[in-house]
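> Before I ask anything, here is the structure I am working with.
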Amino acid sequence: MSSSRGRFAVVAIDGPAASGKSSTAEWVARELGYCHVDSGAIYRAATAAAIRTGRPPDEWTWRHVLDAASIVTLASSGSAMAPYLDGAPAEAEIRSPAVSASVPRVARMPAVRQWVNEQVQQVASTRNVVVDGRDMGTVVFPEADVKVYLVADTWERAKRRLVQHLRRLPTDDEVAAETDRLVHRDAADATQSVQARDAVLIDTTHLLQEEQVSRIVALARSAIRP
């Protein structure tokens, strides 16, 4: 497939935290034969790099984070582009609780957001991509061939996140606590999680992941010529 707007095609998937963007984008990329780029993983890599410096997170500035992020590179890993730290895979490190606790602080730094967006755009300049994160269909790729905005009921999003992290069904009390955290996260992320006017809204609350993937793949095959 190729884009009607240029040489390479872009499928942009946005949505609030825990809406299933990354796992869905990864699956869509495999179905289309595209490269998956998870912008959230790049924020996590920058955060992990800043943690390595030993400076407390409340003392971080955007300059400090970007200086630390000089060790972050992107490399092909299967059908995706994965962030490496100092030339080595870092998936476990960037998914650590310490990184999860500090990445929202980093993601709110405008200069860091610009740097992450530039990394994603660079990958998209060389191949067909499925990208997910924040601002993908509005700021990073306003001319994307396909734009999708995923939403789901907050309780369902909380339950899915806990199942992923705990590897078991959570209790109602655990889901309630996680729901409260997501409500606060949504409020903090409100300006960074905006649906593009031409994006297709997909409510995944009652959808199997296979169903949402199928819808997005169909949209892409309809919009992007072979």
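The values are calculated or read from the model by the stated rules, or taken from the named source; none is laboratory data. Source: prediction; values computed, not measured. For neighbour counting, all protein chains shown are included, and Cβ atoms are generated from backbone atoms with ideal geometry for every residue, glycine included. Note: accessible area is taken over every heavy atom of the protein model, side chains too, but ligands, DNA and RNA are not part of it. Shrake-Rupley method; radii C 1.70, N 1.55, O 1.52, S 1.80 Å.
> Counting only the heavy atoms of the protein chains, how much of HIS184 is accessible to a 1.4 Å probe, in Å² to the nearest 10?
Approximately 120 Å² of HIS184 is accessible to the 1.4 Å probe.
> Under a 10 Å cutoff between Cα atoms, tell me which one of GLN212, GLN122, GLN164 has the largest fluctuation in the Gaussian network model of the chain.
GLN164
> Sort LEU166, LEU32, LEU66, LEU201 by heavy-atom solvent-accessible area, probe 1.4 angstrom, most to least. The partial results should precede the final answer.
Working: LEU166 70, LEU32 25, LEU66 45, LEU201 95 Å².
So, going from the largest accessible area down, we get LEU201, LEU166, LEU66, LEU32.
> Continuing with the same structure: What FRET efficiency comes out for SER96 versus VAL139 if R0 is 30 angstrom and r is the Cβ-Cβ distance? Round to the nearest 0.05.
0.60
> When all alpha-carbon pairs of segment 1-61 are counted, what percent fall beyond 19 Å?
Percentage above 19 Å: 50.
> Answer rounded, prolate or oblate for segment 163-226, using the Cα gyration tensor with square roots of eigenvalues a ≥ b ≥ c: rounded when a/c is under 1.5, else prolate when a/b is larger than b/c, else oblate. The partial results should precede the final answer.
Working: a/c = 3.49, a/b = 1.57, b/c = 2.22.
Judged from the Cα gyration tensor, segment 163-226 comes out oblate (a/c at least 1.5, b/c at or above a/b).
> Of the heavy-atom accessible surface of the chain (probe 1.4 angstrom), what whole percent is carbon and sulfur?
Percent of accessible area from carbon and sulfur atoms in the chain: 50.
> Mean Kyte-Doolittle of at least -1.0 and a Cα length of 15 Å or more along the axis: which whole DSSP H helices of the chain meet both?
Within the chain the helices that satisfy the rule are 21-32, 39-52, 97-107, 110-124, 172-188, 209-223.
> Kindly report, to the nearest 10 Å², the accessible surface of ASP180 as traced by a 1.4 Å probe over protein heavy atoms only.
Surface accessible to solvent at ASP180 totals approximately 80 Å².
> Students often get this wrong, so try it: which of [x] 49, 42, 30; [y] 48, 40, 34; [z] 57, 33, 29 is Cα extents along the principal axes in Å as calculated from the structure shown?
So the calculated entry is the one marked [x].
> Go through TYR84, TYR149 and list them by solvent-accessible area, largest first, probe radius 1.4 Å.
Descending accessible area places them as TYR84, TYR149.
> LEU208 accessible area, nearest 10 Å², 1.4 Å probe?
Here the accessible area works out near 110 Å².
> Could you work out which residue, out of ARG95, ARG215, ARG168, moves most in a Gaussian network model of the chain, that is, has the largest mean-square fluctuation with Cα springs under 10 Å?
Per the Cα network of the chain with a 10 Å cutoff, ARG168 tops the list.
> Over the chain, average the accessible area per residue using a 1.4 Å probe and give it in Å², no decimals.
50 Å²
> Further, regarding this structure: Of LYS159, LYS147, which has the most accessible area and how do the rest follow, probe 1.4 Å?
Reading off the accessible areas and sorting them downward yields LYS159, LYS147.
> Quickly work out the ALA111-to-HIS64 label distance, labels modelled 7 Å from Cα along the C-beta direction, and quote it in nm with one decimal.
1.3 nm
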